[in-house]
Amino acid sequence: MSHSIKVIRSAEDVKAWRKSLPAETTIGFVPTMGALHSGHAELLRQARSLCEVSVLSIFVNPTQFGPNEDLAKYPRTFESDLAIAEKHGVDVVFAPTPEVMYPAGYSTYVEELEITKTLCGKFRPGHFRGVTTVVLKLFNLVRPNIALFGLKDAQQFFVLHKMAKDLDLDVSVQGVQTIREIDGLALSSRNVYLSLAERELAPRLYAVLRAAAVAISQGADRAEALARSIEELQLTGFKPQYLECLELPGLTAPTGALSAEKPYLLAVAAYLGATRLIDNVIIRPERLKEFGIQFS
Ligand code: AMP
């Protein structure tokens with residue numbers, strides 16, 4: 001499609017637009033909470049190259065924020081988001097209000113019960129329930145062929161991939177590798193919360209994680225390597241929430257030595273001042289193909 005970008009606000013309008021497309025049209029979908037950066041742009045670029053039509057959603061989803069989280073102050077930059085979307089050939093931006101997604105009396109939620117138990121799930125109760133619910137609703141409205149999610153939020157990606165499989169959804173949930181600043185910091189809409197001093201320290205999170213991943217994949221004692229990395233993060237000024245090495249794609253704790261045949265996720269969440277940062281490294285990502293998991 002080569003016409004200008006279309007902004008849709010209501011569920012009825014997005015359904016009507018979807019119905020107006022020829023049945024064989026392929027749709028690539030990128031759900032976001034806006035405040036777009038080059039990480040989101042990469043998802044949009046891939047949607048564009050994989051499908052005939054690309055749809056971006058911008059919705060700061062209240063049901064995935066805890067009571068003490070940053071819902072009210074989450075950055076909202078609609079005009080510049082639209083410019084980025086336009087530049088990346090997005091056909092439709094679906095930007096509903098909370099009332100459109102959760103009208104008065106709304107009472108249905110969808111929940112994954114295994115993968116959500118660990119990592120962020122332990123510290124953000126209800127978060128993934130909000131994510132799976134809103135993404136399922138968005139999938140029902142947009143009915144995409146392919147939906148792209150960043151591996152920066154690795155647990156989210158594996159949860160959504162599992163949801164699509166468990167619920168027989170007719171959508172291919174695909175991952176996109178983490179886009180980083182030159183110094184290694186994973187791009188995130190929340191990086192704007194960092195002070196200048198914190199911004200200078202922030203890349204240490206990925207540096208420590210990578211060093212741990214190298215040590216662990218070379219056979220170092222896992223518990224020791226993780227403990228050392230946590231200590232290093234603390235000394236740098238982080239307050240780590242978790243640093244764990246889990247088997248993929250089920251996010252289960254490995255027993256004994258890691259297998260040289262299996263993929264693993266080394267994931268971290270840590271506060272730097274008031275800002276919570278997450279990052280991860282996938283060990284042996286090529287092995288994910290065996291589980292039907294695609295990423296690029
Ligand atoms: P959000 O920033 O929560 O609105 O994320 C929207 C989508 O962009 C999710 O699929 C994220 O995983 C993805 N995303 C966010 N940051 C990055 C990044 N640095 N690299 C790749 N994808 C990202």
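The values are calculated or read from the model by the stated rules, or taken from the named source; none is laboratory data. Computed from a prediction, not measured in an experiment: that's the story for all the values here. Cβ: placed from backbone, ideal geometry, glycine included. Neighbour counts: every protein chain shown. For accessibility, only protein heavy atoms count, side chains too; no ligands or nucleic acids. Shrake-Rupley method; radii C 1.70, N 1.55, O 1.52, S 1.80 Å.
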Fill in: Neighbour cut-off at most 16 other Cβ (10 Å), DSSP loop, GluC sites (Glu not before Pro), segment 202-277
E261
Worksheet item: If you take the alpha carbon radius of gyration of the chain and divide it by 2.2 N^0.38 Å, what ratio comes out, to two decimals?
Response: 1.00
Fill in: Per residue, in Å², the accessible surface of the chain once ligands and nucleic acids are set aside, probe 1.4 Å
47 Å²
Worksheet item: Can you pull the semi-axes for segment 150-257, root of five times each eigenvalue of the Cα gyration tensor, sorted largest first, whole Å?
Response: 27, 21, 11
Worksheet item: R0 = 25 Å: FRET efficiency of S4 with R180, Cβ-based, nearest 0.05?
Response: 0.20
Discussion item. Could you work out what % of the accessible surface of the chain is carbon and sulfur, using a 1.4 angstrom probe and leaving DNA, RNA and ligands out of the count?
Written reply: 53 percent
Item to complete: Assign unit charges at the C-beta atoms only (+1 for Lys and Arg, -1 for Asp and Glu), then state the dipole size of the chain relative to its Cα centre in Debye, rounded to the nearest 20.
Response: 180 debye
Item to complete: Please calculate the 1.4 Å probe accessible area of K137, with all protein chains present, and give it to the nearest 10 Å².
Response: 50 Å²
Item to complete: Show which aspartates and glutamates lie in cross-link reach of K162 when reach means a straight Cα distance below 16 angstrom and same-chain residues fewer than eight apart are skipped.
Response: E111, E112, E114, D153, D170, E247, E290
Response to the item:
Output row, site K262, 7 Å Cα→C-beta label point, backbone N cut-off 11 Å, window segment 141-158, residues none
Discussion item. Students sometimes get this wrong: rank F78, F291, F149 by accessible area, probe 1.4 Å, all chains present, largest first.
Written reply: F291, F78, F149
Worksheet, complete the sentence: Residue separation between K165 and E290 times 0.36 nm, minus their alpha-carbon distance, gives in nm 43.5 nm
